[in-house]
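This report refers to the structure that appears directly beneath it.
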Amino acid sequence: MPTQNTPLSLPVGVQTFADVIEGNFVYVDKTAYLHQLIAPSKGVYFLSRPRRFGKSTTLTTLESIFQGKKELFEGLAISKTDYTWPVHPVIRLDMKYASHPTFERAEIGLRNQLDTIAKNNGFELTVELIEDAFTALIEHLHAKPGQKVVVLIDEYDKPLIDLLDDIPEAKKIQGLLKRFYGVLKSADEHIRFVLIAGVSKFTKVSVFSDLNHLTDLTMDVRYAALCGYTQEELEFYFVDWIEKLGVTENKTKAETLEKIKLWYNGYRLTEADIKVYNPWSTLHLFNSQKFKNHWFETGTPTFLVEAMKKEAFDLDKLEQPVSDADFSTYDIEKLQIVPLLFQTGYLTIKDYFSEWNRYLLDFPNQEVKWAFSSLLVADFAELPEGQTSFIQLQLLKALKADDLTEFFSIINSLYAKIPSHLHDKKEAYYHSIFIAVCAMAGVPIEAEVNVSMGRADAVVESPQAIYVIEFKIDKPVEVALKQIADQRYTESYLYLNKPIIAVGVAFSSDNRQIIQWQIG
């Protein structure tokens, strides 16, 4: 193990707790939450979090705790408790290895994991049915060392959600998973602890219908920060990278922190006003020293895109308050979009009204807002991959030539391709699509920029100039230009020694396009 004086590295792509500690990577200490979770003599839990949010690291940390690897936890919160580090047999399953296009292959993938665990513990599973093999594995591991078994399941829903475009096959997988997870109830006397983690909750009732002793941690305020980084954790663990980013961005520490917060913070997952950063995006920001859509680049769940298209999703639904019941949807043939957007990380809790037990949802941050807009542009406009690349190239060429007429014409062509039911008559919609198109094309752009006397809608930099842009909907373009002048938006960029150009952009909600732009 590296010495304590060895500089820490960013754990980019490193998800296993033991690898993080032994490789001398930064570990944001979540063991106080985990100690609280395992303190009772029995626990059977479920946790839903968006993709790339630290679920795998949480499960592997629990694995090391239950394996009694006390030495890995030196200096961490759990090492300062009265925990006695008993050694338990651990079954850790990653259900992505059971994700296949057919029921038969999915069952083989799941069985292979069980056989490997049995082999690593010196025995062989001889029963045929998958649920019997799981039961035999649990019973044998309990009998062998005398301690009860710990079961940790990652991506529990992946075998199902990967088949939502094939409902008959998905229903077969649903039945398989129901029988398999049902073992956790029938074998309860042999089990010390269970944590089942995944992205969605829409399969929870149908898949876990037999697990009536399952405790859902998803919206438990005590574990709101179990995954993700709080503001305090960000500033404590990543101080060197924040300082380096400030130098790269030519900003003060306060300005740097504000920009990081705008881009990657804002995930509020319970009624308590506790917000966290997306770990994946934060680590990739510090590693690359670039503000971009790091999380979105890992891919949008196909089932979400298809469900939105199938339902002809109305954007106005994003602003409607929801109840507890709305956060879960259980019928794989009738998926509810708003809960899916929340579970997959595109929406988060903006406010909670306790007197009515209602939640108001919104995009958590700029990265996700742009990602969602990009989703609308690329998928709903049904742009082929080659055409997307061509449009990106044309936008960059227009900007390089300072040809704003061509620049806005290209963007208008994309607005025109988006189905009418997806258009929103609010300025923020047109604004976010504009920003997303530019971001996808690699155009140097910032949104909602704090300047001398207010906040500019967008700032675009070309090789020759800085464009400070203000958007208005169903108003004359002169109104946008007047706001830029009155609020003195352009003054913040005088130090760059480039022409600073004010640009007013007017949208029409009837035409669903930019109808005028003008330089001030």
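Among 42/334; 317/397; 261/425; 42/69, which pairs are too far apart, with a Cα-Cα distance over 26 Å? The pairs that break the limit, which is 26 Å between Cα atoms, are 42/334; 317/397; 261/425.
Kirkwood hydrodynamic radius computed over segment 211-318 comes to 16.2 Å, based on all pairs of distinct alpha carbons.
Under the criterion of Cα pairs below 8 Å and six or more residues apart, the relative contact order for the chain equals 11 percent. Residues 323, 413, 420, ranked from the fewest to the most other C-beta atoms within 10 Å, line up as 420, 323, 413.
Could you tell me whether segment 454-520 comes out rounded, prolate or oblate from its Cα gyration tensor? Rule is a ≥ b ≥ c as square roots of the eigenvalues, rounded for a/c under 1.5, then prolate if a/b exceeds b/c, otherwise oblate. Prolate. Relative to one another, the C-alpha centroids of segment 249-303 and segment 172-193 are positioned 36 Å apart. Computed extension length for residue 358-residue 249: 35.3 nm, one decimal, from 0.36 nm per residue of separation with the Cα-Cα distance subtracted. The base-10 log of I(q)/I(0) for segment 224-283, evaluated at q = 0.21, 0.22, 0.25 Å⁻¹, reads -0.78, -0.84, -1.03 [Debye formula, identical scatterers on Cα atoms, solvent excluded]. In the chain, a dipole from Cβ-located charges (positive for Lys and Arg, negative for Asp and Glu) runs towards its positive end, and of 114, 335, 469 it is 114 whose Cα lies farthest in that direction. Give the lysines reachable from residue 96 as a straight Cα distance under 22 Å; neighbours fewer than 8 places away on the same chain don't count. Within the straight-line cut-off, residue 96 pairs with 55, 119, 158, 171, 172, 178, 201, 204. At 25 °C and a viscosity of 0.890 mPa s, what translational diffusion coefficient does Stokes-Einstein give for segment 17-223, taking Rh as the Kirkwood radius over Cα pairs? Give it in µm²/s as a whole number. The estimated diffusion coefficient comes to 139 µm²/s.
Using a 10 Å Cβ count of at most 10 others and DSSP loop calls, identify the longest part of the chain lacking such GluC sites (Glu not before Pro).
129-332
Between the alpha-carbon centres of segment 212-237 and segment 493-520 there is a gap of 42 Å. For segment 121-167, the extents of the C-alpha atoms along the principal axes are 44, 22, 14 Å, listed from largest to smallest. Principal-axis analysis of the Cα atoms of the chain puts helix 167-186 at an angle of about 50° to the longest axis. Considering only 211, 372, 504, the residue lying farthest towards the positive end of the dipole of the chain is 211, judged by Cα position with unit charges set on Cβ. Using only Cα atoms, find the angle between the long axis of helix 55-66 and the longest principal axis of the chain, and express it within 0 to 90 degrees, rounded to the nearest 10. In the chain, helix 55-66 runs at an angle near 30 degrees to the longest axis. Relative to the longest principal axis of the Cα atoms of the chain, the long axis of helix 253-264 makes an angle of roughly 70 degrees.
For segment 182-257, trypsin sites (Lys or Arg not before Pro) meeting the loop criterion (DSSP other than H, G, I, E, B) and having at most 16 other Cβ atoms within 10 Å: 251. Hydrodynamic radius of the chain by the Kirkwood approach over all distinct alpha-carbon pairs: 25.2 Å. Electrostatic bookkeeping for residue 37 treats Lys and Arg as +1 and Asp and Glu as -1; over the other residues with beta carbon under 11 Å from its beta carbon, the sum is +1. For the chain, a simple Cβ point-charge model (Lys and Arg +1, Asp and Glu -1, everything else neutral) yields a dipole of about 400 debye relative to the Cα centre.
Every number in this text was worked out from the coordinates using simple rules, so none of it is lab data. Because the structure is predicted, anything quoted here is derived from the model rather than measured. A quick note on method: Cβ atoms are made from the backbone with ideal geometry, for glycine too, and the neighbour counts reach across all protein chains shown.
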